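For reference, the structure is listed below as structure tokens.
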Amino acid sequence: MVQTGLHHVTAFSGPALRNLDFHTRVLGLRLVKKTVNFDDPGTYHLYYGDAAGRPGTILTFFPIEHAAPGRVGIGETQETAFRVPRASIGWWTHRFIEKGVAHEPLVQVFGAPTLRFRDPDGMMLALVGVDVGDAEGWASSEVPAEHAIRGLHGVTLLLDRAEPTAAILTEVLGLQEVGREGSLIRFAGSAELGGLVTLRAVGGFLPGRPGAGSVHHIAFRAADDAAQAAMGQALAARGLHVTEQSDRQYFRSVYFREPGGVLFEIATDAPGFAVDEPIEALGQALKLPAGLEPHRAEIEAVLPKVA
């Protein structure tokens, strides 16, 4: 069965070491790849995910040491949510209190307990309690496997109008509408992890401002190059500009700005994060694409030191 839904979410952050500490130690995610922004090699690109770095589990960051804070607004991702076992929400609430993580009271969203919180850069995140079956998550030094984040739950997009974006989700990206709640319209793909996109139309709100804590783009899954090309052709037929394919080493990407202003990527599932280091060693070494490898010494000299 073709898996449709989110491949990853990419955001901006402040200092790399603070970002790494929060997402690996406090949230217990695995650092599955430590590389650089291929378009700006003096900046890290840090990928966090589950034990194997599967599509639908990945949150990535471009850390910029002195980045100004972003502002969420129209044409941006308002919230990025992770899945945790339903019975673990209480454990996470206590953990956030213990660690001083800014969080909101527990609410029910589409029938699921939802714990909203912010990372050190103010990025709006959430943990959503779901039935996860017997599968355990990545066991980190502080988060036991039974309570671990399993992957992405979905994203909420803040829009002026929902209908044009909804058409792209359903007619091109393989999602379908599954529910409405207040001002929210929810769409689901076939993938269990990262399968949900929720639209919130607010009309007349201020546009977003990129910066630390804001999402740069969200990526949707394509099984292979042919599936990606078919989506690109469908988008072009609707008058949307789609970029040429870029090789991101761990997936191949095309980008377009959907009608609501959010930057969307379509990323192939293959080849995955184990293409240049074994699964057991993911995230340990700085990995560079072949074109940047001759410049490793200069790149390492300007990157801030992280573990």
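So here's what we get for this one:
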| quantity | calculated |
| --- | --- |
| Residues (open to solvent by 40 Å² or more (accessible area, probe 1.4 Å) and farther than 16 Å from ALA227 by Cβ) located in region 244-254 | GLU244, ASP247, ARG248, GLN249 |
| In region 142-187, the residues that are open to solvent by less than 40 Å² (accessible area, probe 1.4 Å), of a type in the set (Gly, Ala, Ser) and more than 19 Å from ALA267 (Cα to Cα) | ALA145, ALA148, ALA162, ALA166, ALA167, GLY179 |
| Residues being of a type in the set (A, V, I, L, M, F, W, C), farther than 17 Å from ALA52 by Cα and surrounded by 12 or more Cβ atoms within 10 Å (Cβ to Cβ) - total across region 279-301 | 4 |
| Matching entry among TRP138, TRP91 (being open to solvent by 40 Å² or more (accessible area, probe 1.4 Å) and either among the hydroxyl-bearing types (Ser, Thr, Tyr) or part of a helix (DSSP H, G or I) (or both)) | TRP91 |
| Extreme residue, nearest to ARG25 (Cα to Cα), among residues of region 267-278 that are open to solvent by less than 30 Å² (accessible area, probe 1.4 Å) and in contact (Cβ under 8 Å) with a residue 12 or more places away in the chain | PHE273 |
| Residue among LEU46, LEU17, LEU59 that is in contact with a strand residue (DSSP E or B) (Cβ under 9 Å, 6 or more places away or on another chain) and surrounded by fewer than 21 Cβ atoms within 10 Å (Cβ to Cβ) | LEU17 |
| Selection count where residues are touching a Leu at 6+ places or on another chain (Cβ under 9 Å) and more than 11 Å from LEU263 (Cβ to Cβ), scope region 209-220 | 1 |
| Matching residues in region 10-38 - criterion: being part of a helix (DSSP H, G or I) and small (Gly, Ala, Ser) | ALA16 |
| Strands (runs of 3 or more DSSP E) fully within region 192-294 counting 3 or more residues that are hydrophobic (A, V, I, L, M, F, W, C) | 196-201, 215-222, 263-268 |
| Residue list for region 118-129, filter: within 25 Å of PHE264 (Cβ to Cβ) and either open to solvent by 20 Å² or more (accessible area, probe 1.4 Å) or assigned to a strand (DSSP E or B) (or both) | ARG118, ASP121, GLY122, MET124, LEU125, ALA126, LEU127, VAL128 |
| Residue under evaluation ARG86, criteria (1) within 29 Å of PRO210 (Cβ to Cβ); (2) touching a strand residue (DSSP E or B) at 6+ places or on another chain (Cβ under 8 Å), criterion not met | (1) |
| Enumeration of residues in region 39-65 that are in a loop (DSSP other than H, G, I, E, B), touching a residue at least 12 places away in the same chain (Cβ under 8 Å) and either within 25 Å of GLU280 (Cβ to Cβ) or over 18 Å from the mean Cα position of the chain (by Cα) (or both) | ASP50, ALA51, ALA52, GLY53, ARG54, PRO55, GLY56, THR57, GLU65 |
| Contacts under 8 angstrom Cβ, first residue in region 154-176 being farther than 12 Å from GLY260 by Cα, partner assigned to a helix (DSSP H, G or I) and open to solvent by less than 40 Å² (accessible area, probe 1.4 Å), 6 or more apart | GLU171/ALA234; VAL172/MET231; VAL172/ALA234; VAL172/LEU235; LEU173/MET231; LEU175/LEU169 |
| Test result for PHE96, touching a strand residue (DSSP E or B) at 6+ places or on another chain (Cβ under 7 Å) and either assigned to a helix (DSSP H, G or I) or more than 25 Å from TRP138 (Cβ to Cβ) (or both) | yes |
| Residue match in region 99-117 (condition: open to solvent by less than 50 Å² (accessible area, probe 1.4 Å), among the charged types (D, E, K, R), in contact (Cβ under 8 Å) with a residue 12 or more places away in the chain and touching a Leu at 6+ places or on another chain (Cβ under 8 Å)) | no |
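Residue-by-condition table, conditions (1) β-branched (Val, Ile, Thr); (2) more than 18 Å from the chain's Cα centre (by Cα); (3) at pLDDT below 95:
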site	(1), (2), (3)
TRP138	no, no, yes
SER141	no, yes, yes
HIS147	no, yes, no
GLY151	no, no, no
GLY154	no, no, no
THR170	yes, yes, no
GLY179	no, yes, no
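The values are calculated or read from the model by the stated rules, or taken from the named source; none is laboratory data. Model, not experiment: these values are computed from the prediction. Virtual Cβ from ideal backbone geometry, glycine too; neighbours counted across all protein chains shown. In case anyone asks, the SASA skips ligands and DNA or RNA and just uses the protein heavy atoms, side chains included. Shrake-Rupley method; radii C 1.70, N 1.55, O 1.52, S 1.80 Å.
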